[in-house]
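See below for the structure under consideration.
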Amino acid sequence: QVQLVESGGGLVQPGGSLRLSCECSRSIFSFRLAIIGWYRQAPGKQRELVAAISGGDSTNYADSVRGRFTISRDNAKKTVYLQMNNLKPEDTAVYYCNLGARALGSTPGDYWGQGTQVTVSS
């Protein structure tokens, strides 16, 4: 059973920064091949892709976060990070880590973390 554990959420003022982490329980060999994505869901809205990274370190981003957010991975630690800069109130949501998509931009994989709350407010 794959487990994904997110951390790093919290309350931040507009213009501030946060770094989210997603640690995976999968073995290192298969983790390095996996596509990992960050999704978010705001109240009353559908879950949406924020950013994703492939085993070859290719990335894609939602237009709303491109240039402000950066996704990266440390395969030795089985962890994917989401560095979020210049945060805006509209970034407020629960952020989820996902593993197992077949390709960048495809539907998400079967494995989800429990989510971490990000609130951007003054």
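Listed here are the residues, each with its yes/no results for (1) under 12 Å from the mean Cα position of the chain (by Cα); (2) free of Cβ contacts under 8 Å to residues at least 24 places away in the same chain; (3) in a helix (DSSP H, G or I); (4) under 27 Å from Ser121 (Cβ atoms).
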position	(1), (2), (3), (4)
Trp38	yes, no, no, yes
Val50	yes, no, no, yes
Asp57	no, yes, no, no
Asp63	no, yes, no, yes
Gln83	yes, no, no, yes
Glu90	no, no, yes, yes
Cys97	yes, no, no, yes
Ala101	no, no, no, no
Gly105	no, no, no, no
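Residues of the range 79-94 being buried (at least 17 other Cβ atoms within 10 Å of the Cβ) and out of contact with any Leu (no Cβ under 6 Å at 6 or more places or on another chain), which ones? Within the range 79-94, Thr79, Val80, Tyr81, Leu87, Asp91, Thr92, Ala93, Val94 qualify. Note on the range 1-21: residues that are in a strand (DSSP E or B) and without any contact (Cβ under 8 Å) to a residue 40 or more places away in the chain amount to 0. Taken over the range 22-36, the criterion of being in contact (Cβ under 8 Å) with a residue 60 or more places away in the chain and part of a loop (DSSP other than H, G, I, E, B) is satisfied by Arg26, Ala34, Ile35.
No lab work stands behind these numbers, since they all come straight from the coordinates. What you are looking at is a predicted structure, and each value in this text was computed from that prediction instead of being measured. As a convention, Cβ positions derive from the backbone with ideal geometry for all residues, glycine included, and neighbour counts pool all protein chains shown.
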